[in-house]
Amino acid sequence: MSHPTAARFTLLALLGVSLSPAFADETSAGGASIGESFSIAQAEYDQALALTPDLENGRRTYLTCAVCHRPEGWGTADGTYPQIAGQSRTVIVKQLADIRARNRDNPLMYPFSLPRILGGPQQIADVAAYVAQLPMTAHNGQGPGIDLELGGPLYAEHCAKCHGERGEGNETDHIPAIAGQHYPYTMRQFDAIREGRRKNSDPKMVKQIHGFTSREQAAVLDYASRLPLPPEKLAPEGWTNPDFPAYVREPMGLPPMPTISPAPPSGMMEIPPFPSLPAYPTTTTPER
């Protein structure tokens, strides 16, 4: 595990990539100490990366992920779910291992990451390789674009050294790619780190984030959301994932409601009539 310097921490843990031993005595949401959670996550990370990925099994495993991240892995432009398509394999493995070891708190994703749902280290290796090869959309959620003159220099000073000048990340050091990521998602993660809700954030990173004003935060993340993607990573316009031919794509970009198969018996899903209120006796005011 690398120990980055302060300059690395502006956006380094937007997807959670490091843990300082300073947290070793704290307790995770699962009851284990943070140090124990880190050790569990690191062991599974090492194990998964040592395995040979099976893309076909990764496609099957990704069915669990597609519920929220969508078949293309593009998430949602409002930032509810991040774009994971094209993300480095090491980053995907690291996040899955961290979340299920409770080394990174993510209540929404935690149930989907459990071994009984997602599988073991082989399935992590497989799905990470599958996600990494998915083409990305350039139509990610972006910021307002009103302060890019400030965001550009901030990115060059604080972020480019680790995340790359083009936001491509670093696979060797499992530093996430941030080009193409949704602006609302990075804003939310930035806030979570600053407020201490990202338990695997390095204290030096938290300290540096506290030095950013709200304007600087918005400006640098807006700039990052507009970094151009390399042509080889872009999906063709109108592309849909052919591995999910039966997926119903709905208007307005909202996830479809799950279908029930087989259909429930007639009347089971109907709302019963509201029971009528009992009749209460009327009262009269006695004459005086």
Scan of segment 85-105 for residues that are touching a helix residue (DSSP H, G or I) at 6+ places or on another chain (Cβ under 7 Å), under 21 Å from residue 46 (Cβ atoms) and not β-branched (Val, Ile, Thr), ordered by number: 87, 88, 89, 94, 96, 97, 98, 100, 101, 102, 103, 104
Those residues of segment 88-111 which are outside any loop (DSSP other than H, G, I, E, B) and not hydrophobic (A, V, I, L, M, F, W, C), in sequence order: 89, 90, 94, 95, 98, 100, 110, 111
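Each row is one residue, and each column tells you yes or no for (1) out of contact with any Phe, Trp or Tyr (no Cβ under 9 Å at 6 or more places or on another chain); (2) more than 13 Å from residue 126 (Cα to Cα); (3) crowded, with 16+ Cβ neighbours inside 10 Å.
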| site | (1), (2), (3) |
| --- | --- |
| 33 | no, yes, no |
| 40 | yes, yes, yes |
| 50 | yes, no, no |
| 53 | no, no, yes |
| 63 | no, no, no |
| 83 | no, yes, yes |
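List the helices (runs of 4 or more DSSP H) inside segment 120-171, counting only whole elements, that have at least 2 residues being closer than 30 Å to residue 60 by Cβ and of a type in the set (A, V, I, L, M).
Filter on segment 120-171 gives 121-132.
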Set 267, 180, 238, 211: member being modelled with pLDDT under 85 and among the small types (Gly, Ala, Ser): 267
Subset of segment 81-106 that is of a type in the set (S, T, N, Q) and at pLDDT 95 or above - its residue that is farthest from residue 132 (Cα to Cα): 83
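The values are calculated or read from the model by the stated rules, or taken from the named source; none is laboratory data. From a predicted model like this one, the values you see are computed outputs, not experimental measurements. Glycine also receives a Cβ, built like all others from the backbone with ideal geometry; neighbour counts cover every protein chain displayed.
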